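A.B. asks: Once you've had a glance at the structure underneath, I'll fire off some questions.
The values are calculated or read from the model by the stated rules, or taken from the named source; none is laboratory data. The structure displayed is predicted, hence computed values, not measured ones. Note that we place each Cβ from the backbone using ideal geometry, even for glycine, and neighbour counts take in every protein chain shown.
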Amino acid sequence: ETKDSFVSTIPKVELHIHIEGTLTPALKWRFARRNNMILTHPRTGVDFTTLEEYEESHDPMKARKGERMNNSEETLSFFEAYYGGFDVLRTEQDYYELAMHYYEHAAAMNVRYCEISFDPQGHTRTGTTWGTMMAGFRKAQGEAEKTLNVKSAWIMCLLRDLSPQSAMEHYLVALNYRHMIIGIGLDSNEDGRPPMLLEQVFARAREDGFHLTAHCDVGKTYPLEHILQVAAQIGHTGADRIDHGLNVTESPELMELILRKGIGMTICPWSYMRHQPMEEVYERIRTLFDAGIKIAIASDDPAFMEDTWILENLLVAKRFCKFTNNDVLRLVKDAVDVCWAPEQVKKDIL
Ligand code: ADE
Ligand code: ZN
C-alpha cells in the first residue's frame, strides 16, 4: 500500500477485533515453548520442528498458496487454525502478552479506543480458568490506557456452534467481570446456527444492560433471516450492531431497517477477500456507505489475514471504494457514533 498520512494519522476506534485472531505464529511459538508444549499439526499429528514450518500451516491462505495447495489433509480450515491456537494460552502472563501485543499495534496505528472480542468458551475448554484469562487481560488493559493512550472494553462472544446451555453458563460467570465487559457478541461457525438459538442469553444480557452484537454472513452466504434476527429480534428488540453482514445489500427492506434503527455495521474487507470477488465486496461496502448506514472498518483476525490490521483495512476500503479523505473522516466519525464508550470518551477521540 502507498503511504497515506491522512489514514495513518487520523485517530481511530476499532470495534471488531478478536484477541485470539491476533495470535501470530511467533507468539504461539513463544507461549508453547514457555509452557513446555510441542506444537503438532491438528490433522496429521506430526510435530512442528521450526517456526517457519509452523507459520506455513497456520495461515490458511498461505497454506493454500504453497506446495500443499491440493493436499486437503494438511490444509487447515480457518476455524481449525484459529481454535488450534487457543491451547498454547495457559498463564496470566500469556493472556497479558497477547493483549499487549494487540494494544501496541493499536497505539502505533493511532487507535484511541477499542472494543475487543474474546471467546471464553474456547478457553475454558482447554482448561484455562476465567481468573487466569481475565487477570491477564485486565493488567494489559490498564497498562494500555496509562502508557499507550489506548482505552478499551471487552466483548464476550458466545460460540454459536456450542449449546445454549454452555452460553448461559459462561454468561453467568461473565457477570463477575462487568467492570471490563461492555457487550455480548456471537461468533464461530454459522452453519445451521441462526442467532435466535441463543435468545435466552441475549434477552438476559439485554435486561442486565449489556450492549449486543452478532456476526452474520462471514466466509459464506447465510440466509438473510439471520440478519433480520440480529437487527430486529435478539435481546427482545434486536442488537445495537451487526458484525459483517454484507449480504444485507441484497435486501432494500433490511437495509432500510438497519438505517432507521441506527444499527452500526462492522466491516472487515480483508476477511471477505478470500471468499468473495473483490469488486462485489467493494460495491457492497459502497452501497452501505452511500445509503447512510454507519459502518466501522475493522480488522477481525489480523494474524490469519496476512497481517492486515485496521490501517490496512481502511487503506483497501479507501482505495477500492474510492473514498475521499472526507469520506474516511465520516467512517471514523460513524465508528465513534456506534461505539459503546461513555460520551466523554467519545468526545475526546476526534
Ligand atoms: N471468530 C473469530 N474470527 C471469526 C470469523 N472470521 N468468523 C466467525 N467467527 C470468528
Ligand atoms: Zn469477527
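A.B. asks: Looking only at segment 133-149, decide whether some residue is of a type in the set (Ser, Thr, Tyr) and surrounded by 16 or more Cβ atoms within 10 Å (Cβ to Cβ).
C.D. replies: No - not one qualifying residue is present in segment 133-149.
A.B. asks: Sort out for me the helices (runs of 4 or more DSSP H) sitting completely within segment 195-265 that have 1 or more residues that are charged (D, E, K, R) and surrounded by 17 or more Cβ atoms within 10 Å (Cβ to Cβ).
C.D. replies: 199-207
A.B. asks: Specify the residue that is surrounded by the fewest Cβ atoms within 10 Å (Cβ to Cβ); the eligible residues are those in segment 1-24 that are more than 16 Å from ligand 2 (Cβ to nearest atom) and part of a loop (DSSP other than H, G, I, E, B).
C.D. replies: Ranking the qualifying residues of segment 1-24, first place goes to THR2.
A.B. asks: Considering only segment 147-167, I want to know if a residue exists there that is of a type outside the set (Phe, Trp, Tyr), in the same structural domain as VAL338 (by TED's automatic domain parsing), under 27 Å from LEU350 (Cα atoms) and part of a helix (DSSP H, G or I).
C.D. replies: Yes: segment 147-167 contains one or more residues that are of a type outside the set (Phe, Trp, Tyr), in the same structural domain as VAL338 (by TED's automatic domain parsing), under 27 Å from LEU350 (Cα atoms) and part of a helix (DSSP H, G or I).
A.B. asks: Just wondering, is there one or more residues in segment 299-316 that are farther than 20 Å from PHE6 by Cα and in contact with a strand residue (DSSP E or B) (Cβ under 7 Å, 6 or more places away or on another chain)?
C.D. replies: The answer is yes; a qualifying residue exists.
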